[in-house]
Every structure is written in C-alpha cells, then in structure tokens.
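Down below is the structure, laid out as structure tokens.
The values are calculated or read from the model by the stated rules, or taken from the named source; none is laboratory data. Model, not experiment: these values are computed from the prediction. Cβ sites come from the backbone with ideal geometry, for glycine too, and all protein chains shown count toward neighbours. Just so you know, the surface numbers come from the protein's heavy atoms only, side chains and all, with ligands and any DNA or RNA stripped out. Shrake-Rupley method; radii C 1.70, N 1.55, O 1.52, S 1.80 Å.
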Amino acid sequence: MKTFASIALVATACAATPALAQENPGTQVYAGPVIGYDNVSQSGGGATLSGSGVSYGGVVGVDAPMGERTRIGIETEFAGSTASRTTTAGALVDKFTAGRDLSISVKLGYMVTPKLETYMKLGYTNAKFSDTVWTAGAVTSAISFKESGYRLGAGLAYYLDKVRLRAEYRYSNYGDLSIAGVATGTTI
C-alpha cells in the first residue's frame, strides 16, 4: 500500500470555559492556537521522499464528562503548513508543498489527575498540496490538489485555571494520490 503521511507534533494553548480547576469539570467549549513540527512523506516506485516544516493554525472544540474521569468530545482544526520537499535531477527541479489542512476529530480523554488529561483522537482530514516542476529554470508544470484521509492522534493536556496546555502527536494518511481522477502511483 502506498501512503502519503503527515506527522505533526503540536503544542496548543486553549482558553476554556468554565474554570477548569475542579475534578473532571462539566461541558467545556475551548479554542486556541496550534503550532508544531510537520513532516510530510510521499512514497511510490520504491522510493520515499519527505520534507518538514512548521504546522500552524487553530483548534475549536467541546468536551464533556462521561463518567468519573473520562471525557469525550469533538474538535475541528484549521491549519497551514510550511512543509515541503525539493528534488533535483539534472536540469529538472520538483517541489512538493503541503498547504492548508481542515480536520474534524472525536476525542476520548482520561483525567490522570485533576489537572492532567491523556487523550486519543480519530478523525477526518482534508489537505491541500501543490507540486511545481521547473526544467532549466522555467516552470513546466504547476498543479494544486486536495486529498482526504484519516487522522490518528494522542496527547496530554494540562489544565490551568482557564487554559489548557497541550502536546500532541498525530498521524494523517491520505492514501493513493489521484490528480483529476488519474492514479499517479504515488501516495502521500
């Protein structure tokens, strides 16, 4: 199976309401910025190419208690990325770039302590990519395309008075790359 994957380690500071100082607080709505390291890899034809950059954006979510220490919720994220990879073969230069990323995920958390939550998430993601090819310094091909896939994530959230500090690892898989309905033999 060929895959196109994006791996990000993100840090988030989310303002939430109501105050978080209580043991497994009630339903909360939260929003905040996201910034982190992004690595995009592309495989096909027996080779894997990858590039890295910065992932940045914002997250909005809601979660609620489901038992004494368990929390369940949903969150959406809008992000951009500077991740890219450039390959050169003689006079040919190919630059593959990640762009915006929209996602929606279900999140399941467990309060390890009254202020520390560990969580997992599973969701849908839709990302935009571009690929530009230069031959002898002139652009010979420039395309942009969108791919949909799934996202898996795991993280820790530390609850302050009205802020959550989060560190999260996530993996996004977009499957086989098709452009205008034509399979390219490459996955991202």
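Whether any residue in region 79-92 is closer than 17 Å to Y158 by Cα and β-branched (V, I, T) is what I want to check. Looking through region 79-92, none of the residues is closer than 17 Å to Y158 by Cα and β-branched (V, I, T).
The residue that is most open to solvent (accessible area, probe 1.4 Å), counting only those in region 126-165 that are of a type in the set (S, T, N, Q) and touching a Leu at 6+ places or on another chain (Cβ under 7 Å), is T135.
The C-beta contact set for region 76-95 (first residue in contact (Cβ under 8 Å) with a residue 24 or more places away in the chain and over 21 Å from S52 (Cβ atoms), second residue open to solvent by 40 Å² or more (accessible area, probe 1.4 Å) and not in a strand (DSSP E or B), distance under 6 angstrom, 6+ apart or interchain) comprises A91/A136. Taken over region 54-63, residues that are buried (at least 18 other Cβ atoms within 10 Å of the Cβ) and either modelled with pLDDT under 80 or within 16 Å of R100 (Cβ to Cβ) (or both) amount to 3. When region 69-83 is filtered for residues that are open to solvent by less than 40 Å² (accessible area, probe 1.4 Å) and over 13 Å from the mean Cα position of the chain (by Cα), the ones remaining, listed by number, are T70, R71, G73. The residues of region 111-125 that are surrounded by fewer than 16 Cβ atoms within 10 Å (Cβ to Cβ) and out of contact with any Leu (no Cβ under 8 Å at 6 or more places or on another chain), listed by number, are V112, T113, P114, Y124. Applying a threshold of 6 Å to beta carbon distances and a minimum spacing of six or more residues, or different chains, the list of pairs starting in region 146-166 at a residue that is farther than 13 Å from S103 by Cβ and ending at one that is among the β-branched types (V, I, T) reads L156/T118; R166/T12.
The number of residues in region 166-187 that are assigned to a strand (DSSP E or B), open to solvent by less than 30 Å² (accessible area, probe 1.4 Å) and modelled with pLDDT of 80 or more comes to 5. When D101, D131 are checked against the criterion of being of a type in the set (D, E) and touching a Gly at 6+ places or on another chain (Cβ under 8 Å), D101 stands alone in meeting it. If you go through region 153-163 and pick out every residue that is at pLDDT below 85 and either in a strand (DSSP E or B) or under 15 Å from D38 (Cα atoms) (or both), you end up with 1. Exactly one residue among D101, D94 is of a type in the set (D, E), open to solvent by less than 40 Å² (accessible area, probe 1.4 Å) and under 17 Å from the mean Cα position of the chain (by Cα), and that residue is D101.
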